[in-house]
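Enquirer: First the structure, which I've put down as structure tokens, then a few questions once you've had a look.
The values are calculated or read from the model by the stated rules, or taken from the named source; none is laboratory data. Here the structure is a predicted model, which is why all the values come from computation and not from measurement. Methodologically, a virtual Cβ is constructed for each residue, glycine included, from the backbone with ideal geometry; neighbour enumeration extends over all protein chains shown. Please note that ligands, DNA and RNA were not included when accessible areas were found on the heavy atoms of the full protein model with its side chains. Shrake-Rupley method; radii C 1.70, N 1.55, O 1.52, S 1.80 Å.
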Amino acid sequence: NVIFRLGSDLPVRPPRSQLADELVANEQRWLRDLAPSLPIPIPAPLRFGLPNDSYPWRWSIGPWFDGEVAADVAFADPVAQASRLGRFVAALHTPAPVDAPFNAFRGQPIGELRPRVAANTERLGAWIDGAAVATRFDELADVDDWSSEPVWLHGDLHSANVLVRDGAICAVIDFGDITSGD
């Protein structure tokens, strides 16, 4: 997606490719329902754009959040912000309805990620303690498969999808990969 400012408090977010059209549709369908129950703001669309002769895909207008991506800034109190993000994730992880989107690349049992984690660890080489990462991953992956009903998942929750203002999380963004799963 690409983001354009519309005035001072709205972003217009059209996809750059056909692939993102379905992801935008998922955001349009589900984020307004989820937003009220979450303790951190999310970009629930305020207006929807639909495909037409001028533009072939769905697009959205949502709220603007002033902040910087967490990957680029320091938290004033990292422990407090980790707790806030944990409460956000716990609030999001509620049972997903049967018609919730499913993404085969998100929400799978963690053990299925072993080859990808191993390849990434190898690629990082001396930058990290690869043996320690492998050991910790094996500990975390040694759990029973999820046997309860699927829950809502962000699907792409990382530091570039968390916004920070004045040292505190102000929004969690980019729910294109919202899915149900483990």
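Enquirer: Can you tell me the length gained on complete extension of the stretch S37 to T135, counting 0.36 nm per residue apart and subtracting the Cα distance?
Expert: 31.7 nm
Enquirer: Throw me the Rg/Rh for the range 1-119, computed over C-alpha atoms with Kirkwood Rh, two decimals.
Expert: 1.00
Enquirer: By how many nm would the segment from L46 to A82 lengthen if fully extended, with 0.36 nm per residue of separation less the alpha-carbon distance?
Expert: Going from the current span to full extension adds 10.1 nm.
Enquirer: Further question: If you build the convex hull over the alpha carbons only and average its shadow over all orientations, what do you get for the range 128-172? Give it in nm² to one decimal.
Expert: Hull-based average projected area comes out at 5.4 nm².
Enquirer: Next question. Taking the Cβ-Cβ separation of W146 and V12 as r and a Förster radius of 35 Å, what is the calculated FRET efficiency to the nearest 0.05?
Expert: My answer for the efficiency is 0.40.
Enquirer: Classify the range 92-168 from the C-alpha gyration tensor, please: rounded if a/c falls under 1.5, else prolate or oblate depending on whether a/b exceeds b/c.
Expert: oblate
Enquirer: First measure r as the distance between the Cβ atoms of V73 and D53, then evaluate 1/(1 + (r/R0)^6) with R0 = 41 Å and state the FRET efficiency to the nearest 0.05.
Expert: After rounding to 0.05, the efficiency reads 0.45.
Enquirer: Now, a different point. How much length is gained if the chain between A90 and F4 is pulled fully straight, taking 0.36 nm per residue apart and subtracting their Cα-Cα distance, in nm to one decimal?
Expert: Extending this stretch completely gives an extra 27.8 nm.
Enquirer: How big is the range 37-182 on each of its three principal axes, counting only the C-alpha atoms and giving the largest first in Å?
Expert: Cα extents, longest axis first: 52, 39, 31 Å.
Enquirer: Tell me the accessible surface of V133 in square angstrom (1.4 angstrom probe, heavy atoms of protein chains only), to the nearest ten.
Expert: Here the accessible area works out near 50 Å².
Enquirer: Would you be so kind as to identify which of L23, A71, I42 lies farthest towards the positive end of the dipole of the range 4-76, taking Lys and Arg as +1 and Asp and Glu as -1 on Cβ and the Cα centre as origin?
Expert: Checking the options against the dipole of the range 4-76, the answer is L23.
Enquirer: I've got another one for you. Helix-only estimate, please: 222 nm mean residue ellipticity of the chain, summing -39500 (n - 2.57) across DSSP H runs of length 4 or more and dividing by its residues, to the nearest 500.
Expert: The helix-only estimate for the chain comes to -9500 deg cm²/dmol at 222 nm.
Enquirer: Follow-up. Select from the range 121-182 those chymotrypsin sites (Phe, Trp or Tyr not before Pro) which occupy a DSSP coil region and have at most 16 other Cβ atoms within 10 Å, ordered by residue number.
Expert: Those that pass, being in a loop and sparsely packed, are W146.
Enquirer: Here's something else I'd like to know. What does the charge add up to near C170, with Lys and Arg as +1, Asp and Glu as -1, over the other residues with Cβ less than 10 Å from its Cβ?
Expert: -2
Enquirer: Here's a follow-up. So if I place +1 on the C-beta of Lys and Arg and -1 on the C-beta of Asp and Glu, and nothing else carries charge, what would the dipole magnitude of the chain be about its Cα centre? I want it in debye, nearest 20.
Expert: 540
Enquirer: Further question on the same structure: For the pair L19/R114, report the inter-label distance in nm, with labels modelled 7 Å from Cα in the Cβ direction.
Expert: Here the modelled spin labels are 2.8 nm apart.
Enquirer: Under the definition of Cα pairs under 8 Å and six or more residues apart, what whole-number percent is the relative contact order of the chain?
Expert: Reported as a whole number, the value is 28 percent.
Enquirer: Please get the size of the charge dipole for the range 1-97, origin at its Cα centre, with Cβ charges of +1 on Lys and Arg and -1 on Asp and Glu, quoted in debye to the nearest 20.
Expert: Dipole magnitude for the range 1-97 comes out near 180 debye.
Enquirer: Not counting ligands, DNA or RNA, and with a 1.4 Å probe, what is T94's accessible surface area in Å² rounded to the nearest 10?
Expert: 50
Enquirer: Using alpha-carbon positions, what is the distance between the centroids of the range 114-161 and the range 33-72, in Å?
Expert: Result: 28 Å between the Cα centres.
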